[in-house]
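Asks: Below you'll find the structure I mean.
The values are calculated or read from the model by the stated rules, or taken from the named source; none is laboratory data. Note that this is a predicted model, so its numbers are computed, not measured. Backbone-built Cβ (ideal geometry, glycine too); neighbour counts: all protein chains shown. What goes into the accessible areas is simple: the full protein's heavy atoms, side chains included, and nothing from ligands, DNA or RNA. Shrake-Rupley method; radii C 1.70, N 1.55, O 1.52, S 1.80 Å.
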Amino acid sequence: DVAAGTTDVQIALTPGVIVQGQVLTRNERRPVARAVVQIWSAAPPHGTVVAQSDIQGSFTVRLGPGLYRRRAFAHGYASPNWERLLITGERPEQSVTLLVAGKGRLRGTVRDAATGDPLSGARLVLMSEGSTAAAATTGADGAFLLEAVEGENDLRLEAPPGYQPPEQAGLRVVVTAGETQSLPELWLAPAR
């Protein structure tokens, strides 16, 4: 909130911590070049630092002490979820590694168990390594499409208003990189 041309402005700077990182594939631990790295401040004031890995998969940023969330993505790869990063400020440098995995897609439909009609407004949450990785809501055709990282993921179905929660809490799915997997139809019963 400083007007252009103001001359009596004081800005306090802190040295910060140099964060040296590397983006690697989860399975082979190969460096990933040109990956976009996002580091989000988990505490106010919220902000995002963006960097890109070099040909060796390395990147460097400077951050102030605090709690952050981090992830990376590149062509065909993504972090399974946002990972926690704590910068204490006790050391002038800190090293981090971000793992990425190949991406695939999950496609399916949700239907009304009483009528067989497509069900809109059902929410699907994809969990990877214990954290939310993606979410989608079905449209008028009852369809959904989610991007997911390769490997085991858990898919949770949440009922829209007027429907009972599903009997089975979730569905374990194995995603293959580069493929679109069609899931069996999911059904929700109207509330009684």
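Asks: Any residue in the range 162-173 that is free of Cβ contacts under 8 Å to residues at least 60 places away in the same chain sitting within a Cβ distance under 7 Å of a residue that is assigned to a loop (DSSP other than H, G, I, E, B)? List the pairs, counting only those 6 or more apart or interchain.
Replies: That search, which allows pairs on different chains as well, returns GLY162/ALA191; TYR163/ALA189; TYR163/ALA191; GLN164/ALA189; GLN164/ALA191; PRO165/ALA159; PRO166/ALA159.
Asks: Related question: Which condition breaks for ILE87 when tested against (1) β-branched (Val, Ile, Thr); (2) in contact (Cβ under 8 Å) with a residue 60 or more places away in the chain; (3) over 19 Å from ALA43 (Cα atoms)?
Replies: Just one mismatch for ILE87, condition (3).
Asks: Related question: Mind checking which strands (runs of 3 or more DSSP E) fall wholly inside the range 15-94 and carry at least 1 residues that are open to solvent by 50 Å² or more (accessible area, probe 1.4 Å) and closer than 25 Å to ALA135 by Cα?
Replies: Details: elements: 17-25, 36-41, 48-52, 58-63, 66-74, 83-87.
Result: 36-41, 48-52, 66-74, 83-87.
Asks: Can you name the condition, by its number, that LEU99 falls short on among (1) more than 30 Å from VAL17 (Cα to Cα); (2) part of a strand (DSSP E or B)?
Replies: Among (1) more than 30 Å from VAL17 (Cα to Cα); (2) part of a strand (DSSP E or B), LEU99 violates only (1).
Asks: Also, quick follow-up: Any residue at all in the range 112-124 that's open to solvent by 20 Å² or more (accessible area, probe 1.4 Å), of a type in the set (Val, Ile, Thr) and under 25 Å from GLN22 (Cβ atoms)? Before the answer, list the steps.
Replies: Here is the first cut: in the range 112-124, the residues open to solvent by 20 Å² or more (accessible area, probe 1.4 Å) are 113-118, 120-121, 123.
In the following step, the residues that additionally are of a type in the set (Val, Ile, Thr) were identified as 115.
Now restrict to residues that are under 25 Å from GLN22 (Cβ atoms): none.
The answer is no, given that none of the residues of the range 112-124 is open to solvent by 20 Å² or more (accessible area, probe 1.4 Å), of a type in the set (Val, Ile, Thr) and under 25 Å from GLN22 (Cβ atoms).
Asks: Just to check your reading of the model, which residue among THR109, THR132, THR115 is assigned to a strand (DSSP E or B) and at pLDDT 95 or above? Reasoning before the result, please.
Replies: On the way: THR132 fails: at pLDDT 95 or above; THR115 fails: assigned to a strand (DSSP E or B).
Selected residue: THR109, the only one of THR109, THR132, THR115 that is assigned to a strand (DSSP E or B) and at pLDDT 95 or above.
Asks: Only one of (1) among the charged types (D, E, K, R); (2) in contact (Cβ under 8 Å) with a residue 60 or more places away in the chain; (3) touching an Asp or Glu at 6+ places or on another chain (Cβ under 9 Å) fails for ARG107. Which number is that?
Replies: Single failed check for ARG107: (3).
Asks: Now, a different point. Can you give me the number of residues within the range 11-39 that are among the hydrophobic types (A, V, I, L, M, F, W, C) and closer than 11 Å to GLY66 by Cβ?
Replies: Narrowing the range 11-39 to residues among the hydrophobic types (A, V, I, L, M, F, W, C): 11-13, 17-19, 23-24, 32-33, 35-37, 39.
Remaining after also requiring closer than 11 Å to GLY66 by Cβ: 17, 39.
Selection size over the range 11-39: 2.
Asks: Quick one: GLU150 ticks every box in (1) within 14 Å of the chain's Cα centre (by Cα); (2) more than 25 Å from LEU24 (Cα to Cα); (3) open to solvent by 40 Å² or more (accessible area, probe 1.4 Å) bar one, so which box is it?
Replies: (2)
Asks: Restricting attention to the range 160-176, and to residues there that are in a loop (DSSP other than H, G, I, E, B) and modelled with pLDDT of 90 or more, which single residue is most open to solvent (accessible area, probe 1.4 Å)?
Replies: Restricting attention to the range 160-176, the residues satisfying the condition of being in a loop (DSSP other than H, G, I, E, B) are 160-162, 164-169, 176.
Add one more test, that the residue is modelled with pLDDT of 90 or more, and what stays is 160-162, 164-166, 176.
Numbers: PRO160: 14, PRO161: 127, GLY162: 50, GLN164: 58, PRO165: 103, PRO166: 37, THR176: 69 Å².
This residue is PRO161.
Asks: Given (1) closer than 30 Å to SER53 by Cα; (2) part of a loop (DSSP other than H, G, I, E, B); (3) in contact (Cβ under 8 Å) with a residue 12 or more places away in the chain, where does SER120 come up short, assuming only one miss?
Replies: (1)
Asks: Moving on. Can you name every residue in the range 139-156 that is in a strand (DSSP E or B) and under 12 Å from ARG111 (Cα atoms)?
Replies: Step one: filter the range 139-156 for residues in a strand (DSSP E or B), giving 143-149, 151-156.
Passing the criteria: ALA143, PHE144.
Asks: State the number of residues belonging to the range 4-34 that are closer than 12 Å to GLN56 by Cα, out of contact with any Ser or Thr (no Cβ under 7 Å at 6 or more places or on another chain) and small (Gly, Ala, Ser).
Replies: 0
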